[in-house]
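Trainee: Sharing a structure here in structure tokens format.
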Amino acid sequence: MEISERAKSISPSVTLEVSAKANALKAEGASIIAFTAGEPDFNTPEYIIDGAKSALDEGKTKYTATPGIKELRKAIAEKFRKDNGLVYTEDQIVVSDGAKSSLYHAFAAILNDGDEVIVPSPYWVTYCEQIKMCGGVAKVVKTDEKSGYKLFKSQLENAITDKTKCLLLNSPCNPTGVVYEESELKDIAKVCEDHGLYIISDEVYEKLVFDGKKHISIASVSQYAKENTIVINGVSKSYAMTGWRIGYLAAPLNVAKAISKMQGHTTSNACSVAQYAALTALTGRDGENYIRFMASEFDERRKILSSLLDAEGIKYVYPSGAFYVFMRVDDYFGKSYDGNKITGSVDFCNLLLSEGVAAVPGAAFGEDGFVRLAYTVSKEDEIEGVKRISTFLKKLV
Ligand code: PMP
Ligand code: GLU
């Protein structure tokens, strides 16, 4: 059988592949510090597991409404009101199998063949592939040290063509950890308004924001933004629920309806028991405490990892959110490890594995000069991991 041109054009998910490789090596008994996993290393909190158990006992094991159970959509609408100052009716909320699925359906609902989506780089690995899967064209706009790895208003303006349909924004950003300020979001929203662009705003790391910064949803900065943004979020990162596969989005009513209609033909609905678990996560008394605990734990690890890298003179993008450090490695290109020349981030990561450290090549995020370290590991592993990175760098000739 021959696969389609569209399927041929899609690259595999490097984040998932590299994590799987690190896990396989560990399972074989290798000593690997895996800075690869883009998921909290905590177990799902007990109160959520209890909520799922009750749902099972109560026989909540059937198909649900396509956009998700009403109680959950209501709880999500309440979350948007409380956390983001955004008022949606429950009909504007669609629950999907993870935020990844929410994103896919969002692109599918608004893109016609050939429509362009502006994607600031570094970007999360999945955006460009999903845009292609939906017939769109990703227009990557490079951000750099000068702009603090954020999209400048002028860069956005310059990237717009008569085919541009939409801007993809991700704050806090995977892989850089960069968090946009309200004034920056206002500037971006104004450019979108001036050019009639839609916005897809991926806010899955909203609860992991540090240094006294505050997460602002771009949908909340103007009336235009509210009416033209699809906000993507989920419980994977906020409540350590990656395996439960529950994401959600809020959108203008006609878009939410179109997404629900399509979802009726792709997945029917997100897993029923997982939806009840997500409902418990969002409405349970222990939720706020849990988020506070997890965020402070990640903050501590962030500080430890950045000070360890500072002590080694290793450069990186300073992160204010999410749980990643984007480490600069282009200074080492051209050098060799054990007779093997490093020509890019993929070589760097492959060779670094020999010293027992797994990381994700920046090439997966559109920036070959970097590698991504996820501090979803213990503090002890952070110390050991940076020690091994330092040993690796010292061996380069
Ligand atoms: N957006 C970003 C930026 C992510 O890092 C992830 C993590 N996989 C997702 C969306 C999707 O999250 P999930 O499908 O687990 O809800
Ligand atoms: N978001 C995580 C990451 O970037 C999980 C893997 C994935 O879904 O791509 O590593």
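The values are calculated or read from the model by the stated rules, or taken from the named source; none is laboratory data. Everything numeric in this text was worked out from a predicted model, so none of it was measured. Here the Cβ is made from the backbone with ideal geometry for all residues, glycine too, and neighbour counts use every protein chain on show. Protein only, heavy atoms only, side chains kept; ligands, DNA and RNA dropped before computing areas. Shrake-Rupley method; radii C 1.70, N 1.55, O 1.52, S 1.80 Å.
Trainee: Over the range 182-271, what number does the Rg to Rh ratio reach, with both radii from the alpha-carbon atoms and Rh per Kirkwood?
Mentor: Dividing the radius of gyration by the Kirkwood radius yields 1.02.
Trainee: Can I ask one more? Jot down the per residue volume, in cubic angstrom and as a whole number, of the convex hull over the alpha-carbon atoms of the range 81-199. The partial results should precede the final answer.
Mentor: On the way: hull volume 14.4 nm³, N = 119.
Normalising the Cα hull of the range 81-199 by residue number yields 121 Å³.
Trainee: Please compute, for the alpha-carbon atoms of the chain, the extent along each of the three principal axes and give them in descending order in Å.
Mentor: Projected onto the principal axes, the Cα atoms of the chain cover 60, 54, 54 Å.
Trainee: Of the listed peptides 386-393, 248-255, what is their order by residue-averaged count of other C-beta atoms within 10 Å, with the highest listed first?
Mentor: On the way: 386-393: 18.4, 248-255: 22.1.
Peptide ranking by packing, descending: 248-255, 386-393.
Trainee: Right, here's the next one. Share of the chain's accessible area from carbon and sulfur, percent, 1.4 Å?
Mentor: Values: 8480 of 16800 Å².
It is 50 percent, rounded to a whole number.
Trainee: At q = 0.12, 0.18, 0.20 Å⁻¹, what is the log10 ratio I(q)/I(0) for the range 1-89, with the Debye formula run over Cα points and no solvent?
Mentor: The Debye formula, applied to the Cα set alone, gives -0.83, -1.01, -1.00.
Trainee: Separate question: With just the Cα atoms defining each centre, how far is the range 115-137 from the range 214-264? Give it in Å.
Mentor: 17
Trainee: Compute and list, largest first, the equivalent-ellipsoid semi-axes of the range 226-299 from the alpha carbon gyration tensor, each √(5λ) rounded to a whole angstrom.
Mentor: Square roots of five times the eigenvalues give 26, 16, 10 Å.
Trainee: For the range 1-155, compute the orientation-averaged projected area of the C-alpha convex hull (one quarter of its surface), in nm².
Mentor: With every direction weighted equally, the projected area is 15.3 nm².
Trainee: Rank by packing, highest mean first: peptides 131-137, 309-315, with packing defined as the count of other Cβ atoms within 10 Å averaged across residues.
Mentor: Those peptides, ordered most packed to least, come out 131-137, 309-315.
Trainee: Moving on. Which whole DSSP H helices in the chain pass both tests: a Cα extent of 18 Å or more along the axis and a mean Kyte-Doolittle value no lower than 1.6?
Mentor: Length and hydropathy pass: none found.
Trainee: Related question: What residue among Lys341, Lys165, Lys237 shows peak mean-square fluctuation when the chain is described by a Gaussian network model with Cα springs under 10 Å?
Mentor: Greatest mean-square fluctuation among the candidates belongs to Lys341.
Trainee: OK, next. For the chain, what does the accessible surface come to per residue with a 1.4 Å probe? Please give it in Å².
Mentor: For the chain, the solvent-accessible area averages 42 Å² per residue.
Trainee: Could you rank the peptides 94-105, 272-283 by their average count of other C-beta atoms within 10 Å per residue, with the highest value first? Provide the component values of the computation, followed by the final result.
Mentor: On the way: 94-105: 25.4, 272-283: 23.2.
Ranked from most to least packed, the peptides come out as 94-105, 272-283.
Trainee: Okay, moving on. Report the Cα centroid-to-centroid distance between the range 2-70 and the range 278-330 in angstrom, as an integer.
Mentor: Answer, in whole Å: 20.
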